[in-house]
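Contents: one structure, followed by commentary.
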Amino acid sequence: MRKSVCMFLSPLRKHYQKSWSVLKEILTRKSSQNIHTCCSLSASETIRKVASNPIMDLQPYISIPIVPEGDLVFQPTEEEVTAGTQLFIPKPKHDIRFIKSVVDLEKLPYYKVPEVAFLGVSNVGKSSLIQAMFSKAIDAFNKVSVSKKPGHTRTLRFFQVGNSFSLVDMPGYGENMPHHYVSSVESYLQTRKKLVRSFLLINGETGIHEHDEIGIKMMEEFGIPYILVMTKIDKVSKSVLLKNLLSLMEYRKKKTHYCLAQPFMVSSVEEVLV
Ligand SMILES: Nc1nc2c(ncn2[C@@H]2O[C@H](COP(=O)(O)OP(=O)(O)OP(=O)(O)O)[C@@H](O)[C@H]2O)c(=O)[nH]1
């Protein structure tokens, strides 16, 4: 098993385990629970013990709220995060497996479960994040391929998580993107009825740049609700991370309609710079 992924198994690495565990919990919410519109907290919920979130670690460095309270629509408790994590552990009758790799949309897998897609520029860390989530599902884990070479993922790769949902690892756009991107990924996004969540990943090390803007414009043009996730947060200092996060949020506020106001931050590896 890759060293970078071992952190997810270690209780000493609690902080980052939580960073993507929170994401797992979103995945487990039923498609009917539209987190884009109906997750504001009730008074009784505000006294719940919410799980830690890397964005909150940045809050002491700035006087204004990083995410306005009304936009914090998704604050799972520790218990909810633990329950979400359970779904990523294979059990009898809960198989976690690679289904197939697709370019031709005629060959998309058919099943009843809802689908969740991971999008972003080449090399942003889509496959690494999915691999980290599958750290306890060794068969699926081994079918995720990570590379430092941009454009490594060439096809839409489908994974099924029991009867709960499926995940799709997408080819990246930008550098070395596959020539079939429009006919495969864009057509998939526009036509796949099962698609209930889309995560658009932005590199936390570099912040938003022009290729990310192309991806965001694509989602806006298609009118597909999506969630922003900053990746590789272990690679930069908190000050750089905060700067990149704030400019991403400014961009979201000014230029998007379909993006969830609350962003997420993750690391798929172990070290952090402070
Ligand atoms: N330090 C650090 N490196 C990461 C992280 N996530 C991914 N990487 C590295 O970034 C590189 C690209 O990761 P991938 O997961 O293959 O990226 P991708 O978005 O699937 O890339 P494409 O196949 O080009 O679309 C690899 O060398 C990973 O090890 C992270 O959270 N932290």
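The values are calculated or read from the model by the stated rules, or taken from the named source; none is laboratory data. Just so it is clear, the model here is predicted, and its values are computed rather than measured. Don't worry about glycine lacking a Cβ; one is built from the backbone with ideal geometry, like all the others, and counts go over all protein chains shown. Each accessible area value is taken on the protein alone, full model and side chains, heavy atoms only, with ligands, DNA and RNA left out. Shrake-Rupley method; radii C 1.70, N 1.55, O 1.52, S 1.80 Å.
Things to note:
- In this structure, the amide hydrogen of Gly162, modeled 1.01 Å from its nitrogen in the peptide plane, lies closer than 5 angstrom to those of Asp95, Ile96, Arg97, counting only residues at least 5 positions away or on a different chain.
- From largest to smallest, the equivalent ellipsoid semi-axes obtained for the stretch 113-161 from the alpha-carbon gyration tensor read 18, 13, 9 Å.
- Listed values for the stretch 49-57 are Karplus-derived 3J(HN,Hα) couplings in whole Hz (6.51 cos²θ - 1.76 cosθ + 1.60, θ = phi - 60°), namely 8, 7, 5, 5, 9, x, 4, 5, 5, and x replaces Gly and Pro.
- When each of Lys100/Lys143; Lys217/Lys253; Lys149/Lys238 is checked by Cα-Cα distance, pairs over 19 Å: Lys149/Lys238
- Asp139 exposes around 110 Å² of accessible area when a 1.4 Å probe is run over every protein chain in place.
- Computed from label points 7 Å out along Cα-Cβ, the spacing between Asp95 and Val182 is 3.9 nm.
- Where labels lie 7 Å past Cα in the beta-carbon direction, separation of Glu210 and Ile64 in nm: 2.8
- Residues with amide H under 5 Å from that of Asn203, placed H, sequence gap 5 or more: Thr231
- In terms of accessible area, using a 1.4 Å probe and ignoring ligands and nucleic acids, Thr206, Thr85 rank largest first as Thr206, Thr85.
- Restricting the calculation to Cα atoms, every distinct pair contributes to the Kirkwood radius of the stretch 46-170, found to be 16.8 Å.
- Rounded to the nearest 10 Å², the accessible area of Tyr258 at probe 1.4 Å: 90
- Hz values of 3J(HN,Hα) by residue in the stretch 126-135 - Karplus curve (6.51, -1.76, 1.60), Gly and Pro given as x: 5, 5, 4, 5, 5, 4, 4, 5, 8, 4
- Computed from label points 7 Å out along Cα-Cβ, the spacing between His257 and Gln190 is 1.7 nm.
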